[in-house]
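What follows draws every value from the coordinates through simple rules; no lab data is involved. This structure is a prediction, so every number in the text was calculated from the model and none was measured. Methodologically, a virtual Cβ is constructed for each residue, glycine included, from the backbone with ideal geometry; neighbour enumeration extends over all protein chains shown.
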């Protein structure tokens, strides 16, 4: 259901596609490159938003946010994507940091995910200390005395009637 004004869409993978011949699978880049100004269907929807007063009495930042959300909604519906505002903002920040050459914050290095073969080899060699997120759980019970229960016993349905009669 594409009209003549729609950009060429070529499905190469369920989550990757081409817009205007772009072969990049990064949906965020495709969203930012999409020409909403020339899309007549989007412009009709935008006219409805403006006519509905969604931009009245809003600051410039709030107006930009409403327009960006409308673009995201339209893009997600048109191309069956699930891009959200946070992803777009993070990507734009990343791009602006690369453009300005500002140093990025040192990334906390997460341990990589081991393959099953690597995990098996480490276990067989007894190098369990090298397995990421591997905690040593003691084989002992808690040596502290158990606490006393503070909750009252749950009454059975036929016992609740007796309690209400006794209290009356």
Scanning the stretch 114-137 for residues that are part of a loop (DSSP other than H, G, I, E, B), without any contact (Cβ under 8 Å) to a residue 12 or more places away in the chain and under 36 Å from the mean Cα position of the chain (by Cα) gives 115, 127, 134, 135, 136, 137
Mind checking which residues of the stretch 77-94 are within 16 Å of residue 33 (Cα to Cα) and assigned to a loop (DSSP other than H, G, I, E, B)? 81, 83, 84
